[in-house]
Amino acid sequence: MPKDHGIGAAPKRREDLRFLTGTGNYTDDINLNGQAHVFFLRADVAHAKINGLNSDAAAAMPGVVRIFTGADFEGVGGLPCGWQIHSKDGSPMNEPPHPVIAQGKIRYVGEIVAAVVADTLEQARDAAEAIELDLEELPAVVDMKAALADGSALVHDEVPNNRCYDWGFVEDNAAATDEAIKNAAHVTTLELVNNRLVANPMEPRVAIGDYTRHNDESTLYTTSQNPHVIRLLMGAFVLGIPEHKLRVIAPDVGGGFGTKIFHYAEEAFVTFASKQINRAIKWTSSRSEAFISDAQGRDHVTTIELALDADNNFTAVRTHTLANMGAYLSTFSTSVPTYLHGTLMAGNYTTPNIHVNVQAVFTNTVPVDAYRGAGRPEATFQLERVIDKAARELGVDPIALRRQNFISEFPYATPVALEYDTGDYPATMDKLEEIADIAGFAARRAASEANGKLRGLGVNCYIEACGIAPSNVAGALGARAGLYESATVRVNATGGVVVMTGAHSHGQGHETSFPQVIAEMIGIDEGQVEIVHGDTGRGAMGMGTYGSRSIAVGGAAMVRATEKIINKAKKIAAHLLEASDADIELKDGTFTVAGTDKSVAWGDVCLTAYVPHNYPLEDLEPGLEETAFYDPANFTFPSGAYACEVEVDPDTGAVSVERFSAADDFGNIINPMIVDGQVHGGIGQGIGQALRETTVFDENGQLLSASYMDYAMPRADDVPFYAVDHSCQTPCTHNPLGVKGCGEAGAIGSPPAVVNAVIDALNSGGHKVEHINMPVSPSRVWSAMQG
Amino acid sequence: MTQVSMTVNGKAASGDVEGRTLLSAFLRENLGLTGTHIGCDTSQCGACVVHVDGNAVKACTMLAVEADGASVDTIEGQANADGSLNVIQQAFQDHHGLQCGFCTPGMVMSAAALLKDNPKPTEAEVRHYLEGNLCRCTGYHNIVKAIMAASGQDVGAIAAE
């Protein structure tokens, strides 16, 4: 019998009521009195010197308030990068300045060249057309291999060979890995591309700056996954505004998927310029702007080698990756191909020798940063593709080959610096084989073939690392931020609870799932608990929501604060019941003296805390509010096994996804309905990456896939119903809820399943195709089939 | 500027607009009906779907002046008279057919138009009909399920979950 409340129940989402009735409060729904509008003049060439900019005519046009150029930002800080990587020779990464408005040089199509502030958006847009630019075009650097070659044009004059860093991990493993590959019975090699994606949350970015002169305070309304982080980055590093004079509000946010983590130039601009003109300024991105200004994702080119001994045990993995940074270092760009990617290369397997090399490269393209999964999909894709290729080369069953090499004892220290605390990889594979009906595949393939189609089955495993931590270890590896989360639990006098969490919900349903935890702990109704997030004026500090960290880190902070509340409430109850607080038990919202029928209700204790007439004032402060900061001891390690079945039309190369099954181990589950939804969404994005989406720049750095006319978002008829299961649960051992996180798993685990399935189909019916890069489009499939 | 008048969610509404003002902008900016969302600028995403004289229309493909005299229904007018969710809205909540909520108004309005014309659509018909509505959160699973449930079909047998 499923639970009907508390942890493990699936109450309907309370936030749905406003979203379903058109009464949500997204940033673009906010309009401030007297606000001006900004239109950004963006570069339409990828690489050029700005020899002159004349805005005189534009400034005289109707409604124009002021035009800002790079000159206005000469004394303003640049956008900071949050993670410093060191190359394998010990040198720090090349970290060129990242200006709010281009300073003398344009480095990608979409970079802000000038900002026109006017009474209306239409006036600002019209005036922008009258700005005269004198540009000296330079050769565009687009291809990563060409960018690294001697003699290439330089995106940043001070960065030789356009190389940001040349990272090796773990360097102490290098020689042993080389040796193992040399001595292997079999080595499978695969070069592959992890295609560049545009995150495309359905809500475009919006920023509204609002300065009030009487108290010298700035407020930024922004579409952010982590408003406190924006306050810190923008306040401390860009504009020099102390936190008590800067409030950042991220209200309802329409999806993030990583691209709303980062601190963007537009946020700094509206905050800065609002003070200059003493008037609120609003910017709403068009979708066309989003394609050339939202940080993009993935874009790795990798060569991976997998070595096996004569018994098909994995003995080594060696990879060389080129990772595209785009023109500037976005906030967490540098960490994605390194500590969020190299550390995952053990996957679910006991490979003893692993070495990862990553060169990060500047190009004249839109900056690249974290997108759902961030580094972990790249790791999983290459590993699970090369294992599949090895199985085919060796003529062994790909599932059996994986099972043979599974890690089976925990904790397990990988050769790439992680310690997995728990997992049960055979159990998730067993569950997958059941829900995907692997045994029935042969019959389904025969049926497809009878219809003139090829059918393929692709299977893979994945491991994810969620909730990067602990802060001191991350700091030693170059992180410039803490990775804790905070929560303040405020109990009101009549027993209602308000939780100020640093996590941010932009689709994840925290307003529903977080109260389930509190309700379980105290034994009160979930309706008595309210979640507050997304406003630095209401919660003290927060690191936000990304990396599947909300419940594992933010939820843990909430638990710790609630434990403090309960401890204090027990003392109050003990006083009221004239007992020792060690003897007080809390169950179903009632405090009882153990072994007696003496009790007092939750509400009475709360009231006593605020009306402390019968109260131990000499020992205990009145009130009932506690804060906790939780810094995890380790990552959490969700894992799973995924299966995809596709049909390929041999005449057209069209691929259709017929079945998709996911067996995940997320540890304990708070709300299974929400977890299912997270997995569904991740799978949808993964199928999109595998079959449809890609980002194409021409040789001049012009983005060719710059709208929904050209960028193939997955649509409802591109995907099937998914079979998802999370009944395999090995709880995390080091956080109080035993949870692992589920937000990114679907996007991490699904692309290799889809591609493995297509390749399986293309090795049936007399065909033989080794690999096709994503997106596995009909033209690529058809071409590959022609040999 | 031109004055336009129309009936929006059963009430008379009017305002001054430029010739280039889109219906979506008129609804959001003149009338403050911000439930109609703008997710793209190429009429691909469907977040702005409303009903004009009973037909589903992307409000960004229509000028406000073209809707002069028309009857327009938006997401704000979909709930029952007592404020409770209508059948489609309730099915979206029951089946977790929304996450961030941004595409949701368009999805609900498209679903209403579909079910008006096709009261018992198949899965394939629902998926085909939603080609003009993008969602980035749900992988469409629970949206399709919610619409089929709203049509009175038993969705209990849909893929294990």
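The values are calculated or read from the model by the stated rules, or taken from the named source; none is laboratory data. Since this is a predicted model, take the numbers as computed values, not measurements. Positions of Cβ are backbone-derived with ideal geometry, glycine not excepted, and every protein chain shown enters the neighbour counts.
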(request) Any chance you could count how many residues in segment A:43-93 are over 22 Å from A:Val358 (Cβ atoms) and without any contact (Cβ under 8 Å) to a residue 24 or more places away in the chain? (result) 4
(message) Can you tell me how many residues within segment B:28-40 are within 14 Å of the chain's Cα centre (by Cα), over 12 Å from B:Lys58 (Cβ atoms) and among the aliphatic types (A, V, I, L, M)?
(response) 1
(message) Filter segment A:156-172 down to the residues that are of a type in the set (D, E, K, R) and either in the same structural domain as A:Thr338 (by TED's automatic domain parsing) or within 21 Å of A:Tyr339 (Cβ to Cβ) (or both) and list them by number.
(response) A:Arg163, A:Asp166, A:Glu171, A:Asp172
(request) Select from segment A:299-341 the residues that are of a type in the set (Asp, Glu) and in a loop (DSSP other than H, G, I, E, B) and list them in ascending order. (result) A:Asp299, A:Asp309, A:Asp311
(message) Here are the criteria: (1) in contact (Cβ under 8 Å) with a residue 60 or more places away in the chain; (2) crowded, with 23+ Cβ neighbours inside 10 Å. Tell me which single one B:Ala59 does not satisfy.
(response) (1)
(message) Given the condition within 10 Å of chain B (Cβ to nearest Cβ) and assigned to a helix (DSSP H, G or I), answer yes or no: does some residue in segment A:652-670 qualify?
(response) no
(message) Residues to consider are A:Gly653, A:Gly681; find the one that is at positive phi and in contact with a helix residue (DSSP H, G or I) (Cβ under 7 Å, 6 or more places away or on another chain).
(response) A:Gly653
(request) Within segment A:213-233, track down each residue that is assigned to a loop (DSSP other than H, G, I, E, B), closer than 25 Å to A:Asp28 by Cα and polar (S, T, N, Q). (result) A:Thr223, A:Ser224, A:Gln225, A:Asn226
(request) Counting only residues that are surrounded by fewer than 18 Cβ atoms within 10 Å (Cβ to Cβ), give me the strands (runs of 3 or more DSSP E) lying completely in segment A:33-75 with at least 2 of them. (result) A:48-54
(request) Answer yes if at least one residue in segment A:251-266 is without any contact (Cβ under 8 Å) to a residue 40 or more places away in the chain and in a strand (DSSP E or B), and no otherwise. (result) no
(request) Output the residues belonging to segment A:679-732 that are farther than 27 Å from A:Ala46 by Cα and of a type in the set (A, V, I, L, M, F, W, C). (result) A:Val679, A:Ile683, A:Ile687, A:Ala690, A:Leu691, A:Ala716, A:Val719, A:Phe721, A:Ala723, A:Val724, A:Cys728, A:Cys732
(request) From A:Arg318, A:Arg403, grab the single residue that is of a type in the set (D, E, K, R), more than 25 Å from the chain's Cα centre (by Cα) and surrounded by 23 or more Cβ atoms within 10 Å (Cβ to Cβ). (result) A:Arg318
(request) State all residues of segment A:695-742 that are out of contact with any strand residue (DSSP E or B) (no Cβ under 8 Å at 6 or more places or on another chain), within 14 Å of another protein chain (Cβ to nearest Cβ) and closer than 24 Å to A:Asp299 by Cβ; if no residue qualifies, say none. (result) A:Ser705, A:Ala706, A:Ser707, A:Tyr708, A:Met709, A:Asp710, A:Tyr711, A:Ala712, A:Met713, A:Pro714, A:Arg715
(request) Return the residue satisfying two criteria in turn: it lies in segment A:482-535 and is over 22 Å from the mean Cα position of the chain (by Cα) and assigned to a loop (DSSP other than H, G, I, E, B), and of such residues it is farthest from the other protein chains (Cβ to nearest Cβ). (result) A:Ala493
(message) Can you find a residue that is at pLDDT 95 or above, more than 30 Å from A:Val553 (Cα to Cα), part of a strand (DSSP E or B) and under 39 Å from the mean Cα position of the chain (by Cα) anywhere in segment A:621-644?
(response) yes
(request) Examine segment B:75-95 for a residue that is in contact (Cβ under 8 Å) with a residue 60 or more places away in the chain, among the polar types (S, T, N, Q) and more than 26 Å from A:Gly255 (Cα to Cα), and state whether such a residue exists. (result) no
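Listed here are the residues, each with its yes/no results for (1) more than 30 Å from A:Glu171 (Cβ to Cβ); (2) out of contact with any strand residue (DSSP E or B) (no Cβ under 6 Å at 6 or more places or on another chain); (3) free of Cβ contacts under 8 Å to residues at least 24 places away in the same chain; (4) of a type in the set (Gly, Ala, Ser).
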residue	(1), (2), (3), (4)
A:Tyr420	no, no, no, no
A:Gly440	yes, yes, yes, yes
A:Arg480	no, yes, no, no
A:Gln516	yes, yes, no, no
(request) Hey, could you check segment A:576-602 for residues that are closer than 18 Å to A:Glu626 by Cβ and part of a helix (DSSP H, G or I) and say which is nearest to the chain's Cα centre (by Cα)? (result) A:Trp602
(request) Output yes when any residue across segment A:748-768 is more than 14 Å from chain B (Cβ to nearest Cβ), surrounded by fewer than 23 Cβ atoms within 10 Å (Cβ to Cβ) and free of Cβ contacts under 8 Å to residues at least 40 places away in the same chain, and no when none is. (result) yes
(request) Can you tell me which residue within segment A:16-30, out of those that are part of a loop (DSSP other than H, G, I, E, B) and more than 7 Å from chain B (Cβ to nearest Cβ), is surrounded by the fewest Cβ atoms within 10 Å (Cβ to Cβ)? (result) A:Asn25
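Yes or no, residue by residue, for (1) of a type in the set (Gly, Ala, Ser); (2) in contact (Cβ under 8 Å) with a residue 12 or more places away in the chain; (3) assigned to a strand (DSSP E or B); (4) farther than 24 Å from A:Pro99 by Cα:
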position	(1), (2), (3), (4)
A:Ala147	yes, yes, no, no
A:Leu154	no, yes, no, no
A:Tyr165	no, yes, yes, no
A:Ala174	yes, yes, no, yes
A:Ile181	no, yes, no, yes
A:Leu190	no, yes, yes, yes
A:Ile208	no, yes, yes, no
A:Tyr211	no, yes, yes, no
A:Val248	no, yes, yes, no
(message) Can you tell me which residue is nearest to A:Ala609 (Cα to Cα) among those in segment A:578-592 that are touching an Asp or Glu at 6+ places or on another chain (Cβ under 9 Å) and crowded, with 19+ Cβ neighbours inside 10 Å?
(response) A:Phe591
(message) I want to confirm something. Restricting to segment B:145-161 and keeping residues that are among the β-branched types (Val, Ile, Thr) and more than 8 Å from chain A (Cβ to nearest Cβ), which single residue is surrounded by the fewest Cβ atoms within 10 Å (Cβ to Cβ)?
(response) B:Val155
(request) Kindly indicate the residue of segment A:676-731 that is of a type in the set (S, T, N, Q) and within 19 Å of A:Val142 (Cα to Cα) and also farthest from the chain's Cα centre (by Cα) among those meeting that condition. (result) A:Asn700
(request) Would you point out which residue out of B:Arg20, B:Arg28 is surrounded by 15 or more Cβ atoms within 10 Å (Cβ to Cβ) and within 13 Å of chain A (Cβ to nearest Cβ)? (result) B:Arg28
(message) Step by step: first the residues of segment A:343-359, then only those that are surrounded by fewer than 23 Cβ atoms within 10 Å (Cβ to Cβ) and in a loop (DSSP other than H, G, I, E, B), then the one that is farthest from the chain's Cα centre (by Cα). Which residue is that?
(response) A:Pro352
